[in-house]
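No lab work stands behind these numbers, since they all come straight from the coordinates. For clarity, every value in this text was computed on a predicted model and none was experimentally measured. Please note: Cβ atoms are built from the backbone with ideal geometry, for glycine as well, and neighbour counts cover all protein chains shown.
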Amino acid sequence: MKLIAVLSVVLCITFAGSTIWVPDFGGFEPDQFPIPQNDPAIQPAGYAFAIWGLIYGWLLIGMGFGLWKRAEDTEWHAMRRPLCLSLAVGSIWLPVADQSPVWAAVLIWAMLIPALIALFRAPRGDTGWALAPVALYAGWLSAASCVALGLIAAGYGYLDEQTAAFVFIFGALVIASAVQNQLRRGPTYGMAVIWALVAVVAQNASTNPTVAALAAGGALALMLPAWRAWRAQGTAT
């Protein structure tokens, strides 16, 4: 167990450190797609990606606490194993994304699935150290994975830009609603998706009001299960 605890901290460092290897990555370039994606409707406004700083820092602090105080804890161990897999994939995501949007989309789903497993296995105690940062991470990945598919669908001509935005915003809402309602705790999961959807509203408010309206409706719809999760979590503690 202690080896996995150490590995979780190391992978948090390599995950965050990937921004040093690819310091100038600011999203996919329009000409990385056969149909250039200039200001795609599915993509959140640029400010939204600042959430990564919080995710990197909170995961590292949380896993550091876990190594220090919970190295032999079985509940932490159950969460750490899938989380380590997700972080290992995340550590190579930026270099891959810099070269190939398609493989980046594949890898972000490979990050999401074990992150969701880790989320459901997160210990009932130590909420601020374990559940909250993992939920924030999994929530952002839930939104980002659908954004990636939307960009591929529009960029390769499978759907037009607006249809791709509609389909994959709705997909993100379905995934997030199902996870938050089933989880019944970890409101930072829903808050991360809401953050992404509000940024989609900001991106499209003046240019594509229909997509903005869908994203706004999705953000409002997610507030209820996130609030319920917050209430249930507060009651449990």
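Tabulated data for the structure shown
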read-out: Electrostatic dipole magnitude of the chain [Cβ: Lys, Arg +1; Asp, Glu -1; Cα centre; debye, to 20]; value: 1160 debye
read-out: Centre separation in Å (Cα based) which lies between segment 178-203 and segment 63-137; value: 17 Å
read-out: Leading residue at positive end of dipole, the chain (Cβ point charges), from Q99, A71, G171; value: A71
read-out: Helix-only mean residue ellipticity at 222 nm for the chain, each DSSP H run of n ≥ 4 adding -39500 (n - 2.57), per residue, nearest 500; value: -25500 deg cm²/dmol
read-out: Binned Cα-Cα distance frequencies in segment 62-156 - 5 Å width, integer %; value: 3, 14, 23, 21, 15, 10, 7, 4, 1, 0
read-out: Gain in span if fully extended, A178 to V106, counting 0.36 nm per residue against the direct Cα distance; value: 23.8 nm
read-out: Per-residue Cβ neighbour rank within 10 angstrom, fewest leading, Y189, Y156, Y47; value: Y47, Y156, Y189
read-out: Global form of segment 47-98, assessed from the alpha-carbon gyration tensor, a/c cut-off 1.5; value: oblate
read-out: T207, T163 arranged by Cβ crowding within 10 Å, fewest neighbours leading; value: T207, T163
read-out: DSSP H segments from the chain that extend 20 Å or more along their own axis, Cα-based, with Kyte-Doolittle mean of 0.5 or above; value: 2-21, 51-69, 101-121, 131-155, 161-183, 187-204, 209-236
read-out: Within the chain, longest stretch free of exposed trypsin sites (Lys or Arg not before Pro) [DSSP loop, at most 14 other beta carbons within 10 Å]; value: 1-123
read-out: Under the Debye formula (equal points on every Cα, no solvent term), log10 I(q)/I(0) of segment 115-218 at q = 0.12, 0.19 Å⁻¹; value: -0.41, -0.87
read-out: Order of W76, W230, W129, W58 under a 10 Å beta carbon neighbour criterion, fewest first; value: W230, W58, W129, W76
read-out: Full-extension gain in nm, Y158 to A232, via 0.36 nm per residue minus C-alpha separation; value: 22.5 nm
read-out: Cα-Cα P(r), segment 1-127, percent of pairs per 10 Å interval; value: 12, 40, 30, 14, 4, 0
